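Asker: I'd like to ask you about the structure that follows.
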Amino acid sequence: MSTTTQAPLEQVVLGALASVAPEADLAALDRNVPLREQLDLDSMDFLNFVIAVHRALGVDVPERDYAKLATLESCVEYLAGLPRTKPA
Amino acid sequence: MNGAPAVKVTYREAVRAAMREAMQRDARVFLMGEDVGRYGGTYACSLGLLDEFGPERVRDTPLSEGAFVGVGIGAAIGGMRPIVEIMTVNFSLLALDQILNNAATLRHMSGGQVGVPLVLRMATGAGRQVAAQHSHSLENYYAHIPGLKVLAPATVEDARGMLWTALLDPDPVILFEHATLYGTEGELAEDAGAVPIDRAAVRRAGRDVTVVGYGGTVAKALEAARMLAERGIDAEVIDLRTLRPLDDETLVASVRKTRRAVLVDEGWKTGSLAGEICARLVERAFYDLDAPIARVCTEEVPIPYPKHLEDAALPQPGRIVEAVLATVGGRG
Amino acid sequence: MPSLGADMDAGTLVEWHVAAGDAVKRGDIVAVVETDKGLVDIEIWESGVVDALLVAPGSKVPVGTLLATTRTDGARAQAAQPPVLPPPPRPPLRPMASPAAKQLARERGVDLAAVHGTGPHGAITRADVEHVTPSPAPPPEKAEARRERVEEVETPREPRPAVLDATAMRRAIAASMARSKREIPHYYLSADIDLSRSTAWLEAENARRPVEERLLLAALLLKATALAARAVPEVNGFFVDGVFRPSSAVHLGVAVSLRQGGLVAPAIHDVDARTVVEVQASLRDLVGRVRTGRLRSSEMSDPTLTVTNLGEQGVAAVFGVIYPPQVALVGLGKPLERPWASGGMLGVRPVVTATISADHRVSDGHRGALFLAALDGWMQKPEAL
């Protein structure tokens with residue numbers, strides 16, 4: 001995966017996070033620490049995050065794959081491998 | 001208001017025009033009082049009327065309020081429509097027996113057979129350095145009495161229009177003319193005529209506080225509102241116009257909107273009309289109030305003669321502003 | 001005379017530990033009071049200087065009687081100068097608020113003890129209450145049309161803050177929780193609930209649902225709680241003026257922690273009458289609006305029963321403090337896989353510990369136990385929720 005395709009994906013993930021945690025400083029986010037831990041997201045916040053990603057990219061993340069969205073790094077990696085209906 | 005051109009007239013001229021029109025329209029109307037004829041009235045309200053209508057209809061009386069008010073009551077019972085002028089409210093106390101025990105009660109005591117369609121006009125109030133026996137505001141004495149209607153025209157329009165409506169009333173009506181108003185000028189439509197006498201008027205709309213005045217205090221309340229506007233406070237000014245019966249609806253509606261009230265009354269605070277209005281607002285708008293109701297009244301002294309003391313004793317725009325600021329609290 | 005128990009009407013001042021002119025600081029013991037339950041040391045809540053002792057030792061006075069007045073140090077410094085102004089009014093026993101402010105506070109469920117007054121003599125005005133619980137912001141697409149109408153009805157005096165004031169919220173929580181612990185005799189029960197049926201049902205449901213329509217376990221738990229509350233009405237309603245007023249509707253307060261600190265417990269209305277899908281949608285909407293600080297005043301004021309869910313933080317069980325004037329609080333811990341014996345067999349199942357804190361003035365443990373049993377029962381038949 002080249003950075004040219006991954007950078008827009010990362011922007012989508014950060015945008016989705018901003019919508020569920022508007023008070024968070026996303027610039028300070030550690031790419032490899034679980035998001036729920038870093039941002040104190042509850043299950044409803046996480047569902048809203050998944051929905052925001054779905055709306056932005058048209059990807060359908062099954063519930064069993066939620067674990068693959070644990071960190072910013074893993075999100076980008078996982079989403080890059082999914083078929084989607086909208087450009088990032 | 002109704003499209004006719006407006007002219008500048010004094011309050012005195014408006015009172016005179018009202019009396020002239022009444023005597024032209026209805027032959028039963030006549031004017032009676034001390035010095036109303038040859039002298040033209042203590043405040044010159046009836047100047048020229050003697051020449052125009054003759055001594056039968058413009059009658060000078062002896063200095064005997066009890067007698068000539070009694071004569072007026074008799075004439076009213078007999079089918080006339082008398083306008084009786086009393087020089088000041090202080091002197092009207094000599095006629096209080098006639099007013100209270102006869103004028104106000106006869107319809108009730110006769111089972112409705114005998115009405116007293118009398119109109120009493122009298123000057124009231126301080127501000128002219130005529131000391132304590134000529135300066136008091138005793139409107140509340142009369143507003144206390146069932147059987148009377150009590151009016152306080154504060155504008156040239158009301159001075160012009162209230163008299164005819166009062167003459168149409170089948171029962172006694174008292175008009176209080178604040179003595180400092182006679183020389184004041186206002187705009188009046190050339191075809192101005194009768195006005196209703198059952199409602200208070202909002203003289204200035206506002207949203208932050210309701211300032212209530214009547215007669216001589218309306219102009220002071222409006223001046224205070226202008227000063228408050230400079231401080232960003234938007235005061236609503238209500239002119240009571242009718243002191244009995246009080247127009248509770250207008251007062252309550254205003255206070256429901258502004259949630260604060262400052263009552264201005266040239267009477268003494270104890271037992272004042274302002275006290276009565278305060279009680280009614282608490283009875284009917286308690287849960288709408290956002291601050292204690294404040295009263296700006298005359299200091300509880302006989303009105304002093306020296307100008308600086310007289311000014312200090314009376315409600316003034318500055319005192320109204322202070323009361324409003326205390327009422328709006330931290331917002332001021 | 002402070003209330004030293006919900007049943008205390010009066011107390012006898014036995015002894016003063018301070019005299020007029022003494023400096024006191026918050027927490028000092030200033031007096032001893034005798035109640036039906038014995039002698040109690042009275043602490044002072046404000047630092048300052050004792051101004052006057054108003055009740056003599058040996059006097060029995062009703063709760064609410066002014067015992068003494070104090071000045072703050074600032075006021076003392078002022079008093080040393082020649083007095084030019086009338087003395088400030090004595091500190092009121094309860095927050096001084098205008099009738100209009102009290103009315104609005106009642107409508108919005110605001111505790112006046114937590115509101116800063118800006119009116120005459122520091123009284124709380126209507127605008128001060130509005131400052132603490134701002135009116136809900138209209139949805140953006142309708143904002144223009146609605147603004148005009150609002151201005152006609154009541155012209156806003158000051159721009160309203162967009163978010164809740166954290167200090168005021170802290171004070172509101174403090175006042176409400178202190179009142180709860182002072183007045184409500186809580187009892188606590190807990191039960192472990194087997195979630196295997198519910199989670200299996202959810203997994204199957206969510207597998208066939210698009211992302212936006214997926215359900216959370218929380219929605220099932222809320223619906224089950226509401227149905228259980230309908231079955232045991234003693235946990236659902238308000239205790240006001242010494243009387244329990246059961247509520248025919250079940251409006252569930254959902255305690256949502258704010259990441260900035262503090263929490264709010266807005267209501268989802270009529271949860272018992274809604275489908276799980278509707279409850280899920282409401283919950284999602286509510287959490288989203290809590291995060292952006294756009295709650296509706298009706299949601300803030302009228303929950304009939306509150307649910308707190310600290311399971312997200314990994315807590316096994318939570319025994320909560322009831323929000324007055326509600327009469328119970330349901331706590332849900334973290335669903336965990338635990339060993340579970342059933343039918344003589346030991347297995348591993350997802351389990352949640354559900355608790356109820358309830359008001360003993362209104363219900364007894366037996367009724368509370370029935371509530372938890374009903375909650376358990378509904379979680380065993382998720383398809384019926």
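The values are calculated or read from the model by the stated rules, or taken from the named source; none is laboratory data. Small disclaimer: the values here were computed from a predicted structure and weren't measured. Note that each Cβ is placed from the backbone with ideal geometry, even for glycine, and that neighbours are counted across all protein chains shown.
Asker: Taking segment C:173-219 as the region of interest, how many residues are more than 10 Å from chain A (Cβ to nearest Cβ) and under 30 Å from C:Phe239 (Cα atoms)?
Answerer: Looking only at that region, the number is 21.
Asker: I'd like to check something: does segment B:277-285 contain any residue that is in contact with a Gly (Cβ under 6 Å, 6 or more places away or on another chain) and either under 21 Å from B:Val202 (Cβ atoms) or within 12 Å of chain C (Cβ to nearest Cβ) (or both)?
Answerer: Looking through segment B:277-285, none of the residues is in contact with a Gly (Cβ under 6 Å, 6 or more places away or on another chain) and either under 21 Å from B:Val202 (Cβ atoms) or within 12 Å of chain C (Cβ to nearest Cβ) (or both).
Asker: Same structure again: Select from segment C:347-382 the residues that are among the aliphatic types (A, V, I, L, M) and in a helix (DSSP H, G or I) and write down the one among them that is farthest from C:Ala226 (Cα to Cα).
Answerer: Among those that are among the aliphatic types (A, V, I, L, M) and in a helix (DSSP H, G or I), it is C:Ala369.
Asker: Which condition breaks for C:Ser248 when tested against (1) assigned to a helix (DSSP H, G or I); (2) more than 20 Å from the chain's Cα centre (by Cα); (3) free of Cβ contacts under 8 Å to residues at least 24 places away in the same chain; (4) away from every other protein chain (no Cβ under 14 Å)?
Answerer: Here C:Ser248 meets the rest and fails (1).
Asker: With (1) under 23 Å from B:His178 (Cα atoms); (2) of a type in the set (A, V, I, L, M, F, W, C); (3) part of a helix (DSSP H, G or I) as the list, and B:Val296 as the residue in question, which single condition is left unmet?
Answerer: Evaluating B:Val296 over (1) under 23 Å from B:His178 (Cα atoms); (2) of a type in the set (A, V, I, L, M, F, W, C); (3) part of a helix (DSSP H, G or I) leaves (3) as the failure.
Asker: When the residues of segment C:282-296 are filtered to those that are surrounded by fewer than 17 Cβ atoms within 10 Å (Cβ to Cβ) and modelled with pLDDT of 75 or more, which remaining residue is nearest to A:Asp42 (Cα to Cα)?
Answerer: Once the filter is applied, the top-ranked residue is C:Gly288.
Asker: Can I ask one more? Only one of A:Val33, A:Val53, A:Val12 is outside any helix (DSSP H, G or I), at pLDDT 85 or above and β-branched (Val, Ile, Thr). Can you tell me which? Before the answer, list the steps.
Answerer: Working: A:Val53 fails: outside any helix (DSSP H, G or I); A:Val12 fails: outside any helix (DSSP H, G or I).
When all the criteria are applied, what remains is A:Val33.
Asker: Now, a different point. Which of the residues spanning segment B:300-310 are in contact (Cβ under 8 Å) with a residue 24 or more places away in the chain and not in a loop (DSSP other than H, G, I, E, B)?
Answerer: B:Lys307, B:Glu310
Asker: Might you check whether a residue that is within 14 Å of another protein chain (Cβ to nearest Cβ), assigned to a helix (DSSP H, G or I) and either modelled with pLDDT of 85 or more or farther than 17 Å from B:Asp288 by Cα (or both) occurs anywhere in segment C:83-99?
Answerer: Scanning segment C:83-99, I find at least one residue that is within 14 Å of another protein chain (Cβ to nearest Cβ), assigned to a helix (DSSP H, G or I) and either modelled with pLDDT of 85 or more or farther than 17 Å from B:Asp288 by Cα (or both), so the answer is yes.
Asker: Scan segment C:62-77 and tell me whether some residue there is at pLDDT 80 or above, touching a Leu at 6+ places or on another chain (Cβ under 7 Å), within 14 Å of chain B (Cβ to nearest Cβ) and not in a loop (DSSP other than H, G, I, E, B).
Answerer: No, the conditions are met nowhere in segment C:62-77.
Asker: Out of segment B:15-38, which residues are in contact with a strand residue (DSSP E or B) (Cβ under 8 Å, 6 or more places away or on another chain) and either assigned to a helix (DSSP H, G or I) or free of Cβ contacts under 8 Å to residues at least 40 places away in the same chain (or both)?
Answerer: Scanning segment B:15-38 gives B:Val15, B:Ala17, B:Met19, B:Ala22, B:Met23, B:Gly37, B:Arg38.
Asker: Of all residues in segment C:241-253 being out of contact with any Gly (no Cβ under 8 Å at 6 or more places or on another chain) and over 13 Å from C:Tyr323 (Cβ atoms), which is surrounded by the most Cβ atoms within 10 Å (Cβ to Cβ)?
Answerer: Here the residue is C:Val250.
Asker: Only one of these conditions is not met by B:Val255: (1) free of Cβ contacts under 8 Å to residues at least 40 places away in the same chain; (2) within 12 Å of chain C (Cβ to nearest Cβ). Which number is it?
Answerer: (1)
Asker: Which residues, counting only those in segment B:164-188, are aliphatic (A, V, I, L, M) and surrounded by fewer than 16 Cβ atoms within 10 Å (Cβ to Cβ)?
Answerer: B:Leu168, the sole residue that qualifies.
Asker: Here is a list: B:Ala294, B:Ala313. Which entry is under 15 Å from B:Ser272 (Cβ atoms), assigned by TED's automatic domain parsing to the domain that holds B:Glu266, touching a residue at least 60 places away in the same chain (Cβ under 8 Å) and not acidic (Asp, Glu)?
Answerer: Criteria check complete, one pass: B:Ala313.
Asker: When segment A:37-71 is examined, which residues are found to be at the interface with chain C (Cβ under 7 Å from one of its Cβ atoms) and at positive phi?
Answerer: The one that is at the interface with chain C (Cβ under 7 Å from one of its Cβ atoms) and at positive phi: A:Asp40.
Asker: Please enumerate the residues belonging to segment C:259-270 that are in contact with a strand residue (DSSP E or B) (Cβ under 7 Å, 6 or more places away or on another chain) and assigned to a loop (DSSP other than H, G, I, E, B).
Answerer: Passing the criteria: C:Ala265, C:Pro266.
Asker: Identify the residue in segment C:297-316 that is in a loop (DSSP other than H, G, I, E, B) and closer than 18 Å to C:Ala226 by Cβ and, among all such residues, is modelled with the highest pLDDT.
Answerer: C:Thr304
Asker: A further question on this structure: If I go through segment C:265-291 residue by residue, how many of them are within 19 Å of C:Arg108 (Cα to Cα) and of a type in the set (D, E, K, R)?
Answerer: So in segment C:265-291, the residues within 19 Å of C:Arg108 (Cα to Cα) come out as C:265-270, C:286, C:289-290.
Narrowing further to those that are of a type in the set (D, E, K, R): C:270, C:289.
Of the residues in segment C:265-291, 2 are within 19 Å of C:Arg108 (Cα to Cα) and of a type in the set (D, E, K, R).
Asker: Quick check on my filter: what residues within segment C:103-118 are in a helix (DSSP H, G or I) and within 22 Å of B:Arg256 (Cβ to Cβ)?
Answerer: Within segment C:103-118, C:Gln103, C:Leu104, C:Ala105, C:Arg106, C:Glu107, C:Arg108, C:Leu112 meet the criteria.
Asker: Something else: Which residue out of B:Pro292, B:Pro306, B:Pro302 is surrounded by fewer than 23 Cβ atoms within 10 Å (Cβ to Cβ) and within 14 Å of chain C (Cβ to nearest Cβ)?
Answerer: B:Pro292
Asker: Something else now. What is the number of the single condition among (1) β-branched (Val, Ile, Thr); (2) in the same structural domain as C:Phe371 (by TED's automatic domain parsing); (3) within 26 Å of C:Ser363 (Cβ to Cβ) that C:Val211 does not meet?
Answerer: So C:Val211 meets the others, but not (3).
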